[in-house]
Amino acid sequence: MKTLTVKYFAMFREHAGASEETLELDAATARDVFEQTRSRHGSSEPIGHCKVAINDEMADWTASVKDGDVVLLFPPVAGG
Amino acid sequence: MFAISDKDIVVDELRDQVKNAGSGGVCVFEGWVRNQNEGRTVQRLEYEVYAPLAIVEGKKVIAEAKQRFPFLEASCVHRSGLLEIGDCAVWVGVSAPHRDEAFKACRYIIDEIKVRLPIWKKEHYVDGDSGWVNCERCANV
C-alpha cells in the first residue's frame, strides 16, 4: 500500500466532493490511481481524454507512483 | 509570454507586447464568450485553471510554434474565473516579418492551448442549469 495525495479538478472535484484526498492505495501506476478513485467516487468518465500529472509534471498513465506522490487527475480539458 | 489572468484582458497592452521593429504584421486571435452552445442559451462562463501546469505547458506551446513557424514575438493570456457574454477569454498575438508565419503560429498556439492546458470551462445556462464543456477536438478523436 502507498500513501498518495490525489488532487481533483473540475468535474472530478465535484464527483469526489473534495479538491484533494490522502489515500492508502494499492496502486502501481497512475492508471491504477485513476481507476481506484473513479470507482470510489462512482464516476463513469472514461480515461480516454483525461490527463494525469505526478508531482506537478505531466505524466503517462503507465507512469509508476511511489509513496508520498501527489497525483493530479485532470478531466477532459476545454480551454479557449 | 504566456499568462493566466483573473482580470479583464486589456487588448491594447498585449498588442504592445508583440511589437517589434522587424515585424511586418501581427496576427491576433481573440476568443470571446458567446451566448449559445449546442443549442442552449449561455448566461456566463466559469474557467477553472490549474495555473502552475497551465503556465508551463502554455510556454511550451509558444516555443514549439516558434520552432515550426519562426516569428519575432508572441504573447498569450488565458482568463480564469467568471466571465460574462462578450468577454475576452483568450488572447493570442504573434508578430513576424511576414504574414504566413504569423497566421500559422497563431493558429498553432490557439489550437494546442485548447486541447493541452489544464483548463476547464463550465457553462451557466439561462435556465439555471450548468455543465462542464468537453474539449471540442477531443470529442472527434
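The values are calculated or read from the model by the stated rules, or taken from the named source; none is laboratory data. Predicted model, so just to flag it, every value in this text is computed and none were measured. Cβ sites come from the backbone with ideal geometry, for glycine too, and all protein chains shown count toward neighbours.
Checked against (1) within 14 Å of chain B (Cβ to nearest Cβ); (2) modelled with pLDDT of 95 or more; (3) not in a strand (DSSP E or B), A:LYS7 passes all but condition (3).
Does B:ARG44 satisfy being away from every other protein chain (no Cβ under 14 Å) and in contact (Cβ under 8 Å) with a residue 12 or more places away in the chain? Against the criterion (away from every other protein chain (no Cβ under 14 Å) and in contact (Cβ under 8 Å) with a residue 12 or more places away in the chain), B:ARG44 qualifies.
Taking the conditions exactly as written (surrounded by fewer than 19 Cβ atoms within 10 Å (Cβ to Cβ), in contact with a His (Cβ under 9 Å, 6 or more places away or on another chain) and closer than 21 Å to B:VAL115 by Cβ), does A:GLU57 satisfy them or not?
Details: surrounded by fewer than 19 Cβ atoms within 10 Å (Cβ to Cβ): yes; in contact with a His (Cβ under 9 Å, 6 or more places away or on another chain): no; closer than 21 Å to B:VAL115 by Cβ: yes.
Considered against the rule, which asks whether it is surrounded by fewer than 19 Cβ atoms within 10 Å (Cβ to Cβ), in contact with a His (Cβ under 9 Å, 6 or more places away or on another chain) and closer than 21 Å to B:VAL115 by Cβ, A:GLU57 comes out as no.
Within the set B:VAL126, B:VAL61, B:VAL94, B:VAL77, the sole residue that is in contact (Cβ under 8 Å) with a residue 24 or more places away in the chain, more than 8 Å from every other protein chain (Cβ to nearest Cβ) and surrounded by fewer than 15 Cβ atoms within 10 Å (Cβ to Cβ) turns out to be B:VAL126. A single entry from A:GLU24, A:GLU14 fulfils the requirement of being modelled with pLDDT under 95, surrounded by fewer than 17 Cβ atoms within 10 Å (Cβ to Cβ) and over 10 Å from the mean Cα position of the chain (by Cα): A:GLU14. Would you mind stating whether B:LYS104 is at negative phi, basic (Lys, Arg), within 12 Å of chain A (Cβ to nearest Cβ) and outside any strand (DSSP E or B)? Taking the combined requirement at face value, the residue does not satisfy it.
Kindly evaluate B:GLU73 against the criterion of being at pLDDT 95 or above, under 13 Å from B:PHE2 (Cα atoms) and not polar (S, T, N, Q). Answer is yes for this residue. Taking region B:1-26 as the range and being aliphatic (A, V, I, L, M), in contact (Cβ under 8 Å) with a residue 60 or more places away in the chain and not in a strand (DSSP E or B) as the test, the residues that pass are B:MET1, B:ILE9, B:VAL11, B:LEU14, B:VAL18. Each residue in region B:27-40 was checked for being of a type in the set (Val, Ile, Thr) and either at pLDDT below 95 or assigned to a helix (DSSP H, G or I) (or both), and 0 of them qualify. Taking each residue of region A:56-80 that is within 25 Å of B:VAL92 (Cα to Cα) and among the aliphatic types (A, V, I, L, M) and looking for partners that are part of a loop (DSSP other than H, G, I, E, B) and at pLDDT below 95 with beta-carbon atoms closer than 6 Å, six or more apart or interchain, yields A:VAL77/B:CYS135; A:ALA78/B:VAL133; A:ALA78/B:CYS135.
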